[in-house]
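The values are calculated or read from the model by the stated rules, or taken from the named source; none is laboratory data. On a predicted model such as this, the values are computed, not experimentally measured, just so you know. A quick note on method: Cβ atoms are made from the backbone with ideal geometry, for glycine too, and the neighbour counts reach across all protein chains shown.
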């Protein structure tokens, strides 16, 4: 088995290297055609050190950042060629490709970056932390009760923008000697103000069910994925009724570790495509697009794994079920919403139709959801969470001004002689 794993790893590395070389060729043309980044314009940056495989982590911030840019122009600092190529292609936020340390420092010297936002815990974030005289702020790429949300790495940042009281309570249980009142700022879920998009189907009498599983995970404690255990069975059961429309949105990394999981993912896609060929009115959707919003707002019911999708859906206030992991070592935080959610066991996947009917027909479920929505996100009135996000950035800018006065006579210059590491993209960056 070790030789097989090593062989797969070698193939993956070779594919990544080839993708990086192709991306750099594309990048050269993109950078030449892109508008010149105006010196001194940007005070807010988003540092993204991952490759294209983890683009989902920054894509969900496009719209909130575009709105923020109306007041505080935002610049994305991309370290990976494959991600930078995608960002140049699709991002509404200007991008600077800073593969090398020299390129990064040159950009920092040309701009007055005061707040740096981070959407994940990539190891290369540490390279950016060396630059003082600015706030390093973790904004994450979702809200959930996964163990990822309670990592001690939160302490590495000057501040963290968290969703709400649930996030603070979760962190208070594990972070020692941490000033929550100062460093953990609750802003809600700015993305929820942008749950929109064009539907890829024509609404009719069918019940729309969103199935949005996560990937299989790279360790047993995080084995939350349900595609192989629940997915094939429940999707086929919903297809068979003729009165349900399935919107299938698998995690971008589904199947990267487990070939069985990858095979189940392909089987679900093929079953939905075959159902559409058999009945054009079914209009089932295999959704691998970049935009997330319409799926959460339009679905009558949602089936999701333990992941950020639970809380993205929760913010919509609409009914959902959560698949129970089949791996007994998967860590489940049952201190929050997961203590009162609607669980779907693998043994009940074949009875999903009855489960969905029960979910939609129970008025107590809606009332119970509202309690948890407020606990996790606070006031979800449209526009409120965006205002809280902007207020947090305004606060950080004011704090920057205050500390800049204190340190006015001793602000260090950038070190132009730092060793320049020519590293390949980390296309297997931390999820």
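Regarding residue 311, is this residue crowded, with 18+ Cβ neighbours inside 10 Å, more than 30 Å from residue 64 (Cβ to Cβ) and touching a helix residue (DSSP H, G or I) at 6+ places or on another chain (Cβ under 8 Å)? Spelling it out, it is not the case that residue 311 is crowded, with 18+ Cβ neighbours inside 10 Å, more than 30 Å from residue 64 (Cβ to Cβ) and touching a helix residue (DSSP H, G or I) at 6+ places or on another chain (Cβ under 8 Å).
Which one of 238, 199, 210 is farther than 24 Å from residue 116 by Cβ and assigned to a helix (DSSP H, G or I)? Break it down into steps so the answer makes sense when it comes.
Values: 199 fails: assigned to a helix (DSSP H, G or I); 210 fails: assigned to a helix (DSSP H, G or I).
None of the others qualify; the one that does is 238.
Of everything listed in (1) in contact with a helix residue (DSSP H, G or I) (Cβ under 9 Å, 6 or more places away or on another chain); (2) surrounded by fewer than 20 Cβ atoms within 10 Å (Cβ to Cβ); (3) modelled with pLDDT of 95 or more, the single unmet condition for residue 34 is (3).
I'm told residue 357 meets every condition in (1) surrounded by fewer than 17 Cβ atoms within 10 Å (Cβ to Cβ); (2) assigned by TED's automatic domain parsing to the domain that holds residue 171 except one. Can you identify the failing condition by its number? So the condition that residue 357 fails would be (2). When restricted to residues that are touching a strand residue (DSSP E or B) at 6+ places or on another chain (Cβ under 6 Å) and assigned to a loop (DSSP other than H, G, I, E, B), the stretch 298-309 contains 3. Examine the stretch 54-63 for a residue that is over 14 Å from the mean Cα position of the chain (by Cα), surrounded by fewer than 21 Cβ atoms within 10 Å (Cβ to Cβ) and modelled with pLDDT of 90 or more, and state whether such a residue exists. Within the stretch 54-63 (the criterion being over 14 Å from the mean Cα position of the chain (by Cα), surrounded by fewer than 21 Cβ atoms within 10 Å (Cβ to Cβ) and modelled with pLDDT of 90 or more), the answer is no, since none of the residues qualifies.
Could you say whether any residue in the stretch 126-149 is assigned to a helix (DSSP H, G or I), modelled with pLDDT of 95 or more and buried (at least 18 other Cβ atoms within 10 Å of the Cβ)? Yes, because at least one residue in the stretch 126-149 is assigned to a helix (DSSP H, G or I), modelled with pLDDT of 95 or more and buried (at least 18 other Cβ atoms within 10 Å of the Cβ). Going residue by residue through the stretch 77-94, is there one that turns out to be out of contact with any strand residue (DSSP E or B) (no Cβ under 8 Å at 6 or more places or on another chain), touching a residue at least 12 places away in the same chain (Cβ under 8 Å) and either closer than 18 Å to residue 41 by Cβ or not assigned by TED's automatic domain parsing to the domain that holds residue 389 (or both)? Yes, there is a match, as at least one residue in the stretch 77-94 is out of contact with any strand residue (DSSP E or B) (no Cβ under 8 Å at 6 or more places or on another chain), touching a residue at least 12 places away in the same chain (Cβ under 8 Å) and either closer than 18 Å to residue 41 by Cβ or not assigned by TED's automatic domain parsing to the domain that holds residue 389 (or both). The strands (runs of 3 or more DSSP E) found wholly in the stretch 47-122 and carrying at least 3 residues that are farther than 15 Å from residue 190 by Cβ and in contact with a helix residue (DSSP H, G or I) (Cβ under 6 Å, 6 or more places away or on another chain) occupy 95-97. Please specify each residue of the stretch 235-272 satisfying the condition of being in contact with a strand residue (DSSP E or B) (Cβ under 7 Å, 6 or more places away or on another chain), more than 21 Å from residue 307 (Cβ to Cβ) and surrounded by fewer than 19 Cβ atoms within 10 Å (Cβ to Cβ). Answer for the stretch 235-272, where residues must be in contact with a strand residue (DSSP E or B) (Cβ under 7 Å, 6 or more places away or on another chain), more than 21 Å from residue 307 (Cβ to Cβ) and surrounded by fewer than 19 Cβ atoms within 10 Å (Cβ to Cβ): just 243. Of note, residue 169 satisfies the criterion of being in contact (Cβ under 8 Å) with a residue 60 or more places away in the chain, over 30 Å from residue 27 (Cβ atoms) and in the same structural domain as residue 388 (by TED's automatic domain parsing). For the condition within 26 Å of residue 191 (Cα to Cα), part of a helix (DSSP H, G or I) and at pLDDT below 95, residue 312 qualifies.
Tell me which residues, restricted to the stretch 218-234, are more than 20 Å from residue 266 (Cα to Cα) and surrounded by fewer than 18 Cβ atoms within 10 Å (Cβ to Cβ). Don't jump to the end; show me each part of the working.
Of the stretch 218-234, the ones more than 20 Å from residue 266 (Cα to Cα) are 219-222.
If the condition is that a residue be more than 20 Å from residue 266 (Cα to Cα) and surrounded by fewer than 18 Cβ atoms within 10 Å (Cβ to Cβ), then 219, 220, 221 are the ones that fit.
Of all the criteria given as (1) buried (at least 20 other Cβ atoms within 10 Å of the Cβ); (2) free of Cβ contacts under 8 Å to residues at least 24 places away in the same chain, the one not satisfied by residue 155 is (1). Would you confirm whether or not the stretch 376-383 contains a residue that is free of Cβ contacts under 8 Å to residues at least 12 places away in the same chain and under 28 Å from residue 252 (Cβ atoms)? No, there is no match, as no residue in the stretch 376-383 is free of Cβ contacts under 8 Å to residues at least 12 places away in the same chain and under 28 Å from residue 252 (Cβ atoms). Residue 267 satisfies every condition listed in (1) within 21 Å of residue 300 (Cα to Cα); (2) in the same structural domain as residue 298 (by TED's automatic domain parsing) except (1).
Yes or no, residue by residue, for (1) under 28 Å from residue 188 (Cβ atoms); (2) free of Cβ contacts under 8 Å to residues at least 40 places away in the same chain; (3) over 20 Å from the mean Cα position of the chain (by Cα); (4) in the same structural domain as residue 217 (by TED's automatic domain parsing):
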| residue | (1), (2), (3), (4) |
| --- | --- |
| 247 | yes, no, no, yes |
| 256 | no, no, no, yes |
| 280 | no, yes, yes, yes |
| 292 | yes, no, no, yes |
| 299 | yes, no, no, yes |
| 329 | no, no, yes, yes |
